[in-house]
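A.B. asks: One structure follows; several queries about it will come next.
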Amino acid sequence: MKNQLSDEAVALGEAVDDTLAAAGGVDLTRRAEADPAARAALIGPLLEELGLWEIEPLADQVQLEAAAAACRAAGRHVLAYPIAERFAAPEGSEGLLLVPSTGRRVAPHADLGLSWSAVELTGLQRPVLSTGGSLHTKLGSFAGEVQVGEACGTLERETALLITLQMWWLLGVLERAGADTLTYVKEREQFGRTLAKFQSVQFTLTDLTVAAQSLAELAKYTLWSLAQDDHEPVWLTDALSLRLSGLEAADAVMRRAHQLHGAMGFADETNVSWYSRISQPVRRLPAGLSQTEAAVVESMGTDRFTNLFTPLPSAVRPEGALAH
Amino acid sequence: MLDYAEADEVQVLRHRLRALVEEHIPKSYLGAFTDNPNDLEIAQRFSRILGEQRLFALTWPESFGGGGASSWEQTALREEMWAAHEPRGAQYMGLNWIGPVLMRYGNEDQQQRHLPPIAAGDVLWCQGFSEPEAGSDLPALRTKAVREEGGWRIHGQKVWTSYAEMARWCFLLARTGTPESRKDGITVFLVDMEQAEIEVRPIPSMLGRHHINEVYFTGAWVPDRDVLGGINEGWKIVNDVLAFERIGIARYARCDKLLSWAPRALGEAWADLPQGLHQRWAKALVHSRSVRLLAYKVVAAQDQGLLDPADAAAYRIAVTLLDQEVAEVLMDIVGGWGLGTEDTERIFERAVEDHWRYAQASTVASGTLEMQRLALANRLVGKR
């Protein structure tokens, strides 16, 4: 058992991190919000120079790990760019959108004029008929409306890849939010001592840390599973399970990061406000926590989850038995 | 590069252990410490069977009577045994941490006398740590060891001591320094429990028989040869003990097993459960996977000699909370059967009831949730 990414992936993650930090880090996203349409030109070339789009994540595990490490590094700067969506692009398109199956059809980064394909959480593929511009809202600057056509097949592995890489991006956001929060409570003094000296603050920090660490380990496992050909029956369930954990961890980490930053955390001059706002499209689309849970149940309902004592018994759970 | 595939030898071991459990442990078995004395006999017999096949101290070094297996085989052993309601009874304590601590701190005489009986599954140990006035604040312990010619006399009281009624030996912490010496005045004694000066009083509890006891020491004798490590040097040993204990029980394994079993156990009734309960069940399965991966992170680090006690604390926080989450989900799934039944055919429901009762202690036993949080916080923010 090895729970470390390859050296190549680690090196690429560091290169992405360094490049984005040198270009302004979270300030890149601050600038992008002023003119969302311009971010393709602002950020795209930085990633192009690193050779990211030569990576084929589904070709082999080394490339898959490299893509994940790049997404995590981008998340550390809450980068407002469709890095996961571009890595998951199916043949013949520039990017893949994950669109809701009901309700308002909005997707992260759909406001950018790429040649898009679209899938739902189930892997169902739909042609993209048109996309709109940025929503220009506090939470939706980097999301846009999508019009899709009739279902035209399934893209299960690409869907699992997109979900997984989005969660690697989110993991980067949460790890950075946790690190910034730790720094803040070690510096901020109240009642004559730093916040970090208060036991209630320490316990809040530990809960935040355990949530982020759990997500990190599950993200690594899910990535490995996606690279295993014989795991095909569980690719999508594993990715959905990771999404479920990612959304839970995001709530656990960001709630605590906000609480410990106090009012300062709402101010756009602190990064935590950006981690919180800019992560919203990925956390709410194409489905929030409850709907993601329902999707996991549906997916497990066809016996697609492994643990120490599975495969789960199918004999007493006929296809669709869990559908309500 | 990431690799979560289980090695062939680990898979072989799993299958072998499952076959042995299938052959020797009744399906209705819920642990050694029930009201039925047969359960204890089953555990003692199974321990000897494992011992005969060199599977009992599987992962101990061969020089100490073990099988020299890898830490991943050790992990699989823990998982399989805990999932099967620990058919080794209380023996896991000797195997998981008393033995390893004796290997590290014991002298040759102590190792020769104590390790072979543990490896053979012949002897039970208990742990004399907590006292009425020293729970989480263990350095406040007052049980005193008084020097006499050739050894020490022990006076004091321990409490919450698991398996003390049946234990032959006790791994005891006692004060050898001044009352104010706290961590600097504690020594470890290996105490023979078969003495008139030791009285064990069981504490009736929701956990079941033998689980918790009071132990009174009224001048019990410990010869010099049974002092472990140096005088007043017990605290370092205790820290090691607690590190072993944090990863000693694979609670997620039983969670995995019971959650996976639930749909099959309920049969057609499974589809009638509300969607919300299906979602809690699915979430619990995912959480159990995450916790197992946190455990593997600790094992991998330990394997490379890079174990960070804070990582072990993070794992333990997650696994104890998982135990209780799973207990609640399962109790909702079985409904009124969760209150217990004499019907021994209701194996799943009885296992859920047992799991719920036992899970209540998860966040208290072997260091409370709060102490684990402090251990992790100390690493995050630096020692206070």
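A.B. asks: Which residues, counting only those in the range A:220-235, are among the aliphatic types (A, V, I, L, M) and more than 10 Å from chain B (Cβ to nearest Cβ)?
C.D. replies: Those that are among the aliphatic types (A, V, I, L, M) and more than 10 Å from chain B (Cβ to nearest Cβ): A:Leu226, A:Val234.
A.B. asks: Since A:Gly24 meets every condition but one in (1) on the phi > 0 side of the Ramachandran plot; (2) part of a helix (DSSP H, G or I), which condition does it not meet?
C.D. replies: (2)
One line per residue, one yes/no per condition, for (1) closer than 20 Å to A:Ala177 by Cβ; (2) among the aromatic types (Phe, Trp, Tyr):
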position: A:Met1; (1), (2): no, no
position: A:Leu5; (1), (2): no, no
position: A:Ala11; (1), (2): no, no
position: A:Ala15; (1), (2): no, no
position: A:Gly24; (1), (2): yes, no
position: A:Arg30; (1), (2): yes, no
position: A:Ile43; (1), (2): no, no
position: A:Glu49; (1), (2): no, no
position: A:Trp53; (1), (2): no, yes
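A.B. asks: While we're looking at this one, here's another question. Using the structure shown, decide if B:Lys144 is buried (at least 21 other Cβ atoms within 10 Å of the Cβ) and more than 30 Å from B:Ser288 (Cα to Cα).
C.D. replies: Spelling it out, it is not the case that B:Lys144 is buried (at least 21 other Cβ atoms within 10 Å of the Cβ) and more than 30 Å from B:Ser288 (Cα to Cα).
A.B. asks: Which of the strands (runs of 3 or more DSSP E) found entirely inside the range B:103-194 contain at least 2 residues meeting this: more than 26 Å from B:Arg373 (Cα to Cα) and touching a Pro at 6+ places or on another chain (Cβ under 9 Å)?
C.D. replies: Hits in the range B:103-194: B:151-159.
A.B. asks: Say whether the condition of being more than 12 Å from chain A (Cβ to nearest Cβ) and within 16 Å of the chain's Cα centre (by Cα) is met by at least one residue in the range B:18-26.
C.D. replies: No, there is no match, as no residue in the range B:18-26 is more than 12 Å from chain A (Cβ to nearest Cβ) and within 16 Å of the chain's Cα centre (by Cα).
A.B. asks: Test each condition in (1) more than 7 Å from chain A (Cβ to nearest Cβ); (2) crowded, with 19+ Cβ neighbours inside 10 Å for B:Arg289 and report the one that comes out false.
C.D. replies: (1)
A.B. asks: Report, by residue number, each residue of the range B:269-284 that is closer than 14 Å to A:Glu248 by Cα and not charged (D, E, K, R).
C.D. replies: Listed by number, the residues that qualify are B:Gln279, B:Ala282, B:Ala284.
A.B. asks: Give the range B:259-285 a look and list any residue that's more than 7 Å from chain A (Cβ to nearest Cβ), closer than 18 Å to A:Ala294 by Cβ and free of Cβ contacts under 8 Å to residues at least 12 places away in the same chain, or say none.
C.D. replies: B:Asp272, B:Pro274, B:Gly276, listed by residue number.
A.B. asks: Quick test for you: out of B:Ile49, B:Ile42, pick the one residue that is within 20 Å of the chain's Cα centre (by Cα), within 30 Å of B:Trp356 (Cα to Cα) and assigned to a helix (DSSP H, G or I).
C.D. replies: B:Ile42
A.B. asks: One residue is enough: does the range A:86-100 have a residue meeting the conditions surrounded by fewer than 16 Cβ atoms within 10 Å (Cβ to Cβ), over 22 Å from A:Leu226 (Cβ atoms) and modelled with pLDDT under 95?
C.D. replies: Checked the range A:86-100: no residue is surrounded by fewer than 16 Cβ atoms within 10 Å (Cβ to Cβ), over 22 Å from A:Leu226 (Cβ atoms) and modelled with pLDDT under 95.
A.B. asks: To continue, here is another question. Consider A:Ala179 carefully, then state whether it is at the interface with chain B (Cβ under 8 Å from one of its Cβ atoms) and surrounded by fewer than 24 Cβ atoms within 10 Å (Cβ to Cβ).
C.D. replies: No: the conditions fail for A:Ala179.
A.B. asks: Being assigned to a helix (DSSP H, G or I), within 14 Å of chain A (Cβ to nearest Cβ) and among the basic types (Lys, Arg) is the requirement here; does B:Arg225 meet it?
C.D. replies: So B:Arg225 does not fit the description; no.
A.B. asks: Would you pick out the residues in the range B:136-159 that are of a type outside the set (Asp, Glu) and free of Cβ contacts under 8 Å to residues at least 60 places away in the same chain?
C.D. replies: Hits for the range B:136-159 are B:Ala140, B:Leu141, B:Arg142, B:Lys144, B:Val146, B:Arg147, B:Lys158, B:Val159.
A.B. asks: Return the only residue of B:Val238, B:Val215 being touching a residue at least 60 places away in the same chain (Cβ under 8 Å) and in a helix (DSSP H, G or I).
C.D. replies: Selected residue: B:Val238, the only one of B:Val238, B:Val215 that is touching a residue at least 60 places away in the same chain (Cβ under 8 Å) and in a helix (DSSP H, G or I).
A.B. asks: Taking the residues in the range A:62-92 that are outside any helix (DSSP H, G or I) and touching a Leu at 6+ places or on another chain (Cβ under 8 Å) as candidates, determine which candidate is farthest from A:Ile43 (Cα to Cα).
C.D. replies: A:Pro90
A.B. asks: Please tell me if A:Glu150 is out of contact with any helix residue (DSSP H, G or I) (no Cβ under 8 Å at 6 or more places or on another chain), within 14 Å of chain B (Cβ to nearest Cβ) and surrounded by fewer than 20 Cβ atoms within 10 Å (Cβ to Cβ).
C.D. replies: In short, no.
A.B. asks: Checking the structure you have, find out if any residue of the range A:162-171 is under 30 Å from B:Arg316 (Cα atoms) and in contact with a strand residue (DSSP E or B) (Cβ under 9 Å, 6 or more places away or on another chain).
C.D. replies: yes
A.B. asks: Hey, another quick one. Pick from the range A:182-219 the residues that are of a type in the set (Asp, Glu) and buried (at least 16 other Cβ atoms within 10 Å of the Cβ): which of them is nearest to the other protein chains (Cβ to nearest Cβ)?
C.D. replies: Ranking the qualifying residues of the range A:182-219, first place goes to A:Glu217.
A.B. asks: Taking the conditions exactly as written (of a type in the set (Gly, Ala, Ser), more than 20 Å from A:Glu248 (Cβ to Cβ) and either surrounded by fewer than 24 Cβ atoms within 10 Å (Cβ to Cβ) or over 22 Å from the mean Cα position of the chain (by Cα) (or both)), does B:Gly230 satisfy them or not?
C.D. replies: Yes; evaluated as a whole, the condition is true for this residue.
A.B. asks: Identify, from the list B:Gly121, B:Gly151, B:Gly128, the residue that is touching a helix residue (DSSP H, G or I) at 6+ places or on another chain (Cβ under 7 Å), crowded, with 23+ Cβ neighbours inside 10 Å and either more than 14 Å from every other protein chain (Cβ to nearest Cβ) or closer than 14 Å to B:Leu172 by Cα (or both).
C.D. replies: Going through B:Gly121, B:Gly151, B:Gly128 in turn, just one is touching a helix residue (DSSP H, G or I) at 6+ places or on another chain (Cβ under 7 Å), crowded, with 23+ Cβ neighbours inside 10 Å and either more than 14 Å from every other protein chain (Cβ to nearest Cβ) or closer than 14 Å to B:Leu172 by Cα (or both): B:Gly121.
A.B. asks: Within the range B:29-60, track down each residue that is farther than 16 Å from B:Gln91 by Cβ and surrounded by 14 or more Cβ atoms within 10 Å (Cβ to Cβ).
C.D. replies: Hits for the range B:29-60 are B:Leu30, B:Thr34, B:Asn36.
A.B. asks: Right, something else. Show me the helices (runs of 4 or more DSSP H) found entirely inside the range B:298-384 where at least 3 residues are within 14 Å of chain A (Cβ to nearest Cβ) and surrounded by 20 or more Cβ atoms within 10 Å (Cβ to Cβ).
C.D. replies: The qualifying helices (runs of 4 or more DSSP H) are B:309-334, B:369-381.
The values are calculated or read from the model by the stated rules, or taken from the named source; none is laboratory data. All figures in this text were calculated on a predicted structure; none of them were measured in a lab. FYI the Cβ positions are ideal-geometry reconstructions off the backbone, even for glycines, and counts take in every protein chain you see.
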